[in-house]
């Protein structure tokens, strides 16, 4: 998804898995308690079952929708200029002559052993393609979310603290730009200014060609790989390539996070405990950062995790402008070519991302909010 | 609620400012100098379409160019004139008196990158394999009488250095050289290595999906789909070693990004520049715009199963709705030239530029023709088109002109895979798309855009655009066959000229433009050589 949706409320369920503490507290007194199964075990079983059902539904839905799309995967493989005999042979080879249910069961059997089939557009196993393109997106999204969070939370808090001041106006204008300016346009303008005119950054791609041949790929995260190898010149080059697309994606995250943080914080600052703290002589900064902020931490965490999840889906337009070989472009190309093996594999990965982040979020709730323990 | 003083605000912002400055300085320090390595040609190119490196299967232009530079064919298109043939892996050839047997004399002592020696058997096997697999390239051979049953007999290695090709009819030798011997179908493959990796009788098709195994100046050393591709010069190549030992293709799909990379010197060549970029770069002191006509035609095809388009007058009227001149000067400026003939400029037998495009926007003439066909009130029809950037503006221009003669055209844009599926299945009323031939001879397109051996739906001759349009004309079929086998070159040209004039009036498609190959090339690159049929990396230098 190119832009973070502002319509999502932080308390929404992610990936269909229950996240709030009420789910856990009620589960302990249900059948698990009668069968003398510990509450945490029953809760875990429920979470796993829910995850499996969610992922199964995702695969089934994507698979069947994919088969109903009027895209021809045979033409995607063989091109337009082929005889009907060659077409029919490939049609059979791809298993498209089988009943839909058989095709689905075959596919499902493969998925269980992590075989998502072969991508028609690249001729390689889908899992290999994903393993190659996903680190590029993960690295970009991680830097973007660090920028978005690092700037968005303080901006939101300051904006709430000094509501109506010039700093509030600036944060709101930046947020508006983050929401409304197309990333495609921002990307091109950013390249013209910082790459072509000022020469401050490394330009499109993940790394300059001169370093590409010496790069030792271990994790697929170029910042990490170059640092592990002690290739500091290459590390700086990678940083120069990632900083602009990450900043542009981070701007969208910043807009979302700062607005939500501002809104949560304004609500907190009107609470009586804030006035009490101030009356007792606590400094304004301490009141906000130590007391009020702790009360919005869970909500802010949810917003950050949601933003990160959307960034991980891949930002197609940003990846296109910056020639970034990422997940979003791979998925879009696969979809346009009717490469359903790749599409279903990617969809499943997105589902897993949401589930994993949801679980991670759940874990972090316990750390930041004692009431959820 | 406290308010913030300017001083306090500045104090709070100081930390952020320091951080931003540090990041900017670090990023600035990381910007590398813009120069490509002296022994490497670096290109920015949209290489999304690559899905295999098997010459028997690949049918799209990007892969074909790469295969032509990694795999020697029997003969070569001459760089300066694609109509001329020069030796390739065959250094010489003889033709029998009856014109039905060609004997190719092959290079000796050559080896594949695997170390296996290159034998005539490899050449024969490579050609036979194309027919047996039956993918897109098979039509190159089956069109001239080769079948899975006879190909072992018709293409034979008589010894280690000699290959004999037998033909079922006395086709013009030049045509066979263009259509088969210079085509990627005759790429010389390493049969021993490939058969070691055969799976389920696939002749190594899966093995060649991601690699090359042939004799040629370069070999594929890396392909990361949607990211980059590298060709390395072959040390053991029989011919001259290329000046540029490495070809690096970076996948860049956005034309604006390609232009920035080119201007900054981070790439030597940009292959997908848009009309605006080309116009801006035309006055550049560091970049030269290279342009050559390619054998690709962009046309508006009509389905004759639709009774309105079955009227020749209606199809002719549609031609008068196309603003060839206006579009040529705007949307298609630097991308293509107006062309109405089915034979591309530069091909043997082609009408010249003026005679091959006699139409102009003429709404009055269109109205008359529609009235002759009984459509004085006009009609409504659908036009489908794909993702080629110029399709939409051309379709919109035609739509606007059509509305003035009472024809309502509904435009529908779709993914190319969907477009091709609809057109192949005759599930459309009219469509705009491109077609590219692999032969610099009038027969290349006559055999597909005019000729239709069997118009029945059951025949499923989906590789014939004429069949896709449900266009069948027995007389035109006979004239295509006659021109094909005509031995006298002048008379052959005359037959094709007459055929083009007639088909421009009655044919199933309004051909609109012939496309250019266009590239922005930095001045450091010398001897960038190409024609409509191939690009010669071996000739380029820095």
Handout entry: Condition check for residue B:177: within 21 Å of the chain's Cα centre (by Cα) and farther than 28 Å from residue A:76 by Cα
Key = yes
Checked region A:343-373 for anything in contact (Cβ under 8 Å) with a residue 60 or more places away in the chain and more than 18 Å from the chain's Cα centre (by Cα); matches are A:365, A:368, A:369, A:371, A:372
Out of (1) in a loop (DSSP other than H, G, I, E, B); (2) at pLDDT 85 or above, the one residue B:58 does not meet is (2)
Given the conditions (1) under 11 Å from residue B:321 (Cβ atoms); (2) buried (at least 16 other Cβ atoms within 10 Å of the Cβ), every one holds for residue B:388 apart from (1)
Only one of B:398, B:423 is in contact with a helix residue (DSSP H, G or I) (Cβ under 9 Å, 6 or more places away or on another chain), over 27 Å from residue B:363 (Cα atoms) and touching a residue at least 60 places away in the same chain (Cβ under 8 Å), namely B:423
Just one listed residue, out of B:340, B:371, B:366, B:334, is in contact with a helix residue (DSSP H, G or I) (Cβ under 7 Å, 6 or more places away or on another chain) and assigned to a helix (DSSP H, G or I), and it is B:366
Counting only residues in region B:224-238 that are in contact (Cβ under 8 Å) with a residue 40 or more places away in the chain and in contact with a helix residue (DSSP H, G or I) (Cβ under 9 Å, 6 or more places away or on another chain), the one nearest to residue B:542 (Cα to Cα) is identified as B:231
Within region A:112-126, residues being away from chain B (no Cβ under 14 Å), modelled with pLDDT of 85 or more and surrounded by fewer than 20 Cβ atoms within 10 Å (Cβ to Cβ) number 3
Per the filter on region B:212-229, residues within 13 Å of chain A (Cβ to nearest Cβ) and over 21 Å from the mean Cα position of the chain (by Cα) are B:221, B:222, B:224, B:227
Turns out the helices (runs of 4 or more DSSP H) fully within region A:222-334 with at least 2 residues that are away from chain B (no Cβ under 14 Å) and either farther than 21 Å from residue A:175 by Cα or in contact with a helix residue (DSSP H, G or I) (Cβ under 6 Å, 6 or more places away or on another chain) (or both) are A:222-228, A:232-269, A:272-279, A:293-312
Reported set for region B:449-470 where residues are buried (at least 24 other Cβ atoms within 10 Å of the Cβ) and closer than 17 Å to residue A:88 by Cβ is B:467, B:468
Could you tell me whether residue B:446 is at pLDDT 95 or above, buried (at least 24 other Cβ atoms within 10 Å of the Cβ) and in a strand (DSSP E or B)? no
Restricting region A:53-93 to residues that are more than 7 Å from every other protein chain (Cβ to nearest Cβ) and closer than 21 Å to residue B:386 by Cβ, the one surrounded by the fewest Cβ atoms within 10 Å (Cβ to Cβ) turns out to be A:68
Filtering region A:181-198 down to residues that are in contact (Cβ under 8 Å) with a residue 12 or more places away in the chain and facing chain B (nearest Cβ under 9 Å) yields A:184, A:187, A:188, A:191, A:194, A:195
Matching residues in region B:459-515 (at negative phi and not in a helix (DSSP H, G or I)) number 20
> Just to be sure, is residue A:96 part of a loop (DSSP other than H, G, I, E, B), more than 11 Å from every other protein chain (Cβ to nearest Cβ) and touching a residue at least 12 places away in the same chain (Cβ under 8 Å)?
Replying inline: yes
The correct count of residues that are buried (at least 22 other Cβ atoms within 10 Å of the Cβ) and outside any strand (DSSP E or B) in region B:70-87 is 5
If you go through B:52, B:63, the only one that is crowded, with 21+ Cβ neighbours inside 10 Å, out of contact with any strand residue (DSSP E or B) (no Cβ under 7 Å at 6 or more places or on another chain) and not in a loop (DSSP other than H, G, I, E, B) is B:63
Quiz item: Looking at region A:130-137, is at least one residue within 12 Å of another protein chain (Cβ to nearest Cβ) and at positive phi?
Solution: no
- In this structure, is residue B:463 within 12 Å of another protein chain (Cβ to nearest Cβ), in contact with a strand residue (DSSP E or B) (Cβ under 6 Å, 6 or more places away or on another chain) and closer than 19 Å to residue B:180 by Cβ? no
- Message: Just to be sure before I move on: is residue A:109 modelled with pLDDT of 85 or more, touching a strand residue (DSSP E or B) at 6+ places or on another chain (Cβ under 7 Å) and either over 30 Å from residue B:62 (Cβ atoms) or buried (at least 19 other Cβ atoms within 10 Å of the Cβ) (or both) in the structure I sent?
- Response: no
If you go through region B:231-249 one residue at a time, do you hit one that is under 20 Å from the mean Cα position of the chain (by Cα) and either outside any loop (DSSP other than H, G, I, E, B) or within 12 Å of chain A (Cβ to nearest Cβ) (or both)? yes
Note on region B:253-268: residues more than 7 Å from chain A (Cβ to nearest Cβ), in contact (Cβ under 8 Å) with a residue 60 or more places away in the chain and either assigned to a helix (DSSP H, G or I) or surrounded by fewer than 20 Cβ atoms within 10 Å (Cβ to Cβ) (or both) are B:258, B:259, B:262, B:265
In the set B:296, B:291, the lone residue that is farther than 30 Å from residue B:469 by Cβ and part of a strand (DSSP E or B) is B:291
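Can you list the helices (runs of 4 or more DSSP H) lying wholly within region B:93-176 that have 1 or more residues being closer than 28 Å to residue B:201 by Cβ?
Answer list for region B:93-176: B:120-133, B:138-142, B:151-154.
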If we ask which residues in region A:246-267 are surrounded by fewer than 19 Cβ atoms within 10 Å (Cβ to Cβ) and either within 18 Å of residue A:179 (Cβ to Cβ) or free of Cβ contacts under 8 Å to residues at least 60 places away in the same chain (or both), their number turns out to be 2
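The values are calculated or read from the model by the stated rules, or taken from the named source; none is laboratory data. Predicted model only: the values in this text are computed from it and were never measured. Note that we place each Cβ from the backbone using ideal geometry, even for glycine, and neighbour counts take in every protein chain shown.
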